[in-house]
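Let me begin by presenting the structure, written as structure tokens, before commenting on it.
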Amino acid sequence: MNGGSLGLRTGSYGLLQNINRAIAGGEISKSLSNVRKSSTKMLSGIREKERPLPNAWYRYIGCRKFSMLLLIAFALLVFALGSFVVNKDSTSPNVLQRIGTLGIVPYVNGGHHEASQILGEKDKKKDENRFLIPAFKGASVLPFHHPCANFTFPPPPPPTRRRLGPRPCPVCYLPVDQAIASMPSSSSASPVLHNLTYVLNENPIKSEPHGGSDFGGYPSLKQRNDSFDIKESMAVHCGFVKGSKPGHGTGFDFDESDLAELQQFHDIIVASAIFGNYDIIQHPQNISEEAKKNIPFYMFVDEETEAFMKNRSILSSSKRVGLWRIVVIHNVPYSDARRNGKVPKLLLHRIFPNVRYSIWIDGKLQLVVDPYQVLERFLWRQNANFAISRHYRRFDVFVEAEANKAAGKYDNSSIDEQVDFYKKEGLTPYSEAKLPITSDVPEGCVLIKEHIPITNLFTCLWFNEVDRFTSRDQLSFAIVRDKIMTKVDWSINMFLDCERRNFVIQSYHRDLLEQMPPPVPAVVRRPPALPNTRGKTPGKRIPRRGRDRRSGSRRHRKAAASNREQFLLNAV
């Protein structure tokens, strides 16, 4: 294949009416109006030119064939001019923007336009053209010959068409072979920080009232603040504080055979986890033979999930389920299964010390695009080393906190304590002043990462917030990102959530699936038997309906009764 492949799982690209309207910047509607105006002017011009036609033309116009040819030529001319006008407008700088290198601010979905919370109703028109801005520092502009250089979102759906919930949108992926060829030959430069080591403490002691765990080492507030002072060499808390190496006497321990496996070098890995038997294992689809050969897929499970899989004969002695290599965790550090899942999610660089790139997906997600294509689209093409999708609806931490409380995601007082702590540190609601940052709230079920010191530091400090406060990692993402960004020239590629939904399919958690009623078996409808027409002349018979059919049946019964009476009389 020479061109880019268009990843499109559905004809719907979701609740993106306002986003696509922002992308178009009004240019699509202008182009359509230009088409209408140009065609109207052309029609009026033709009519004016038809009046002084010489008499000789009337003989040709009277010919039916000539009239049809003239009409077809006129229609082709109008179509060609209209296409030229549309193409000219659609390739204007406001529309022809590279998807992924530009962001839409603020990110809105559905019928509720949350932009009014930031810009205000009176400023929305004035700032309409400011919605298209660099999504992160260092974003690249695609070369003209790139197969995806001219890719844009399709026109928005009609505003009257109802959209329920978020949906995937089109993504331009390179073919697998071209994506593999795009892999950088060397690691990206890590700004300022070049040497990152981790704190070890055999007997961690909690010295302050805030949360934390033996696994995380209870870093003090002073140690926490010092960890945001980026230097060339740093030593920070990053889990696994006990024992000689991660997974060996630290809590979150592995079997010896797994330890040797996790120490091996890989360019790319894909990882996921299921704890507390909370999800059903999802099998990746559309994975190339190159990826199956070169990219290992690791699924971390606790002993409870392992026992369930063995009882259902899902897991055999080979420790493999489809593409997934199952890694069993012993001595889990937390009683909360969701919090245990944050260990591999945020600390993959500690579990896999010799890996260049990783793709993390939550256990409820099914990967349906090749890993090489995902990495090329969201990291390599963007000159980025960390990518995560924005939340599909919320972009403000304070709004996200209230949504978590309303949904009962965590203890409300703990959420309030965390948010109040961040307020004192200077966290403010999302506003226009934060541009070009497009959101403070991620949809954190997918992390795409290059393992270099600065990204490893980011996920270490993000994990420390999850360990100290609530396990709701959306609440602590922005404070860690912003503190690092104030010290170094580094940023994160926060892409649209509809793009994430293009390469992963989200399923329900196990408890919801078990509560669902079983599917109703389909009713097999057999076709009606063909009437017996043997010995009869073929002809179309009009079936009787309603009252006529019933009355016809009565006439048939009366006729049959009279025939029987006549037969008895004749017999007598």
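Is it true that some residue in the range 416-429 is within 16 Å of Met485 (Cβ to Cβ), open to solvent by 20 Å² or more (accessible area, probe 1.4 Å) and in contact with a strand residue (DSSP E or B) (Cβ under 6 Å, 6 or more places away or on another chain)? Within the range 416-429, not a single residue is within 16 Å of Met485 (Cβ to Cβ), open to solvent by 20 Å² or more (accessible area, probe 1.4 Å) and in contact with a strand residue (DSSP E or B) (Cβ under 6 Å, 6 or more places away or on another chain).
Does Ser188 count as modelled with pLDDT of 95 or more and closer than 30 Å to Cys148 by Cα? Yes: the conditions hold for Ser188. Taking the condition over 25 Å from the mean Cα position of the chain (by Cα), open to solvent by less than 30 Å² (accessible area, probe 1.4 Å), among the hydrophobic types (A, V, I, L, M, F, W, C) and modelled with pLDDT under 95, does Met309 pass? Judged against the criteria, Met309 is a match. So which residues in the range 311-334 are in contact (Cβ under 8 Å) with a residue 60 or more places away in the chain and out of contact with any strand residue (DSSP E or B) (no Cβ under 7 Å at 6 or more places or on another chain), if there are any at all? Scanning the range 311-334 gives Pro333, Tyr334. Where residues in the range 337-363 are under 20 Å from Ile280 (Cβ atoms) and part of a loop (DSSP other than H, G, I, E, B), which of them is least open to solvent (accessible area, probe 1.4 Å)? Across the range 337-363, the extreme among qualifying residues is Gly363. The numbered conditions (1) surrounded by 18 or more Cβ atoms within 10 Å (Cβ to Cβ); (2) in contact with a strand residue (DSSP E or B) (Cβ under 7 Å, 6 or more places away or on another chain) are all true for His266 except (1). Screening the range 280-302 for residues that are of a type in the set (D, E, K, R) and in contact with a Phe, Trp or Tyr (Cβ under 9 Å, 6 or more places away or on another chain) and picking the one that is farthest from Asp177 (Cα to Cα) gives Asp302. Condition check: in contact (Cβ under 8 Å) with a residue 12 or more places away in the chain and farther than 17 Å from Leu379 by Cα. Does Val504 satisfy that? In short, no.
Based on what the data block shows, is Leu196 over 25 Å from Ser413 (Cα atoms) and in contact (Cβ under 8 Å) with a residue 12 or more places away in the chain? For Leu196, the condition - over 25 Å from Ser413 (Cα atoms) and in contact (Cβ under 8 Å) with a residue 12 or more places away in the chain - is met. Can you give me the number of residues within the range 450-484 that are among the basic types (Lys, Arg) and within 25 Å of the chain's Cα centre (by Cα)? Counting residues in the range 450-484 that are among the basic types (Lys, Arg) and within 25 Å of the chain's Cα centre (by Cα) gives 2.
If you take the residues in the range 312-332 that are in a strand (DSSP E or B) and closer than 26 Å to Tyr173 by Cβ, which one is most open to solvent (accessible area, probe 1.4 Å)? The extreme case among them is Arg325. Inclusion of Thr160 among residues that are on the phi < 0 side of the Ramachandran plot, assigned to a loop (DSSP other than H, G, I, E, B) and without any contact (Cβ under 8 Å) to a residue 40 or more places away in the chain is warranted. For the range 440-475, the tally of residues that are within 19 Å of Ile230 (Cα to Cα) and among the basic types (Lys, Arg) stands at 0. Within the range 282-305, the residues that satisfy the criterion of being part of a loop (DSSP other than H, G, I, E, B) and either free of Cβ contacts under 8 Å to residues at least 40 places away in the same chain or exposed (fewer than 15 other Cβ atoms within 10 Å of the Cβ) (or both) are His283, Gln285, Asn286, Pro296. Answer yes or no as to whether His349 is modelled with pLDDT of 95 or more and touching a His at 6+ places or on another chain (Cβ under 6 Å). Here the answer is yes, as His349 does meet what is asked. Criterion applied to Ile454, Ile448, Ile437 was being assigned to a helix (DSSP H, G or I) and either at pLDDT 95 or above or closer than 26 Å to Arg501 by Cα (or both), and the one residue passing it is Ile454. When each of Asn464, Asn502 is tested for being at pLDDT 95 or above, polar (S, T, N, Q) and open to solvent by 10 Å² or more (accessible area, probe 1.4 Å), the lone residue that passes is Asn464. Taken over the range 209-242, the criterion of being over 17 Å from Leu461 (Cβ atoms) and free of Cβ contacts under 8 Å to residues at least 24 places away in the same chain is satisfied by Pro209 alone. When the test is whether a residue is open to solvent by less than 20 Å² (accessible area, probe 1.4 Å), on the phi < 0 side of the Ramachandran plot and modelled with pLDDT of 95 or more, Ala179 passes it. I'd like to know if the range 195-207 contains one or more residues that are part of a loop (DSSP other than H, G, I, E, B), of a type in the set (Ser, Thr, Tyr), open to solvent by 20 Å² or more (accessible area, probe 1.4 Å) and closer than 30 Å to Glu376 by Cα. Checked the range 195-207: no residue is part of a loop (DSSP other than H, G, I, E, B), of a type in the set (Ser, Thr, Tyr), open to solvent by 20 Å² or more (accessible area, probe 1.4 Å) and closer than 30 Å to Glu376 by Cα.
Just so you know, in the range 221-261 the residues that are surrounded by 12 or more Cβ atoms within 10 Å (Cβ to Cβ) and acidic (Asp, Glu) include one that is nearest to Val480 (Cα to Cα), and it is Asp226.
Scanning the range 470-499 for residues that are hydrophobic (A, V, I, L, M, F, W, C), open to solvent by 20 Å² or more (accessible area, probe 1.4 Å) and in a loop (DSSP other than H, G, I, E, B) returns no hits. Evaluate the range 382-394: report whether one residue or more is open to solvent by less than 10 Å² (accessible area, probe 1.4 Å), part of a helix (DSSP H, G or I), under 20 Å from Asp497 (Cα atoms) and touching a helix residue (DSSP H, G or I) at 6+ places or on another chain (Cβ under 8 Å). No, every residue in the range 382-394 fails to be open to solvent by less than 10 Å² (accessible area, probe 1.4 Å), part of a helix (DSSP H, G or I), under 20 Å from Asp497 (Cα atoms) and touching a helix residue (DSSP H, G or I) at 6+ places or on another chain (Cβ under 8 Å).
The values are calculated or read from the model by the stated rules, or taken from the named source; none is laboratory data. Since this is a predicted model, take the numbers as computed values, not measurements. Every residue, glycine as well, gets a Cβ built from its backbone with ideal geometry; the counts of neighbours run over all protein chains shown. Note: areas computed on protein heavy atoms with side chains; ligands, DNA, RNA excluded. Shrake-Rupley method; radii C 1.70, N 1.55, O 1.52, S 1.80 Å.
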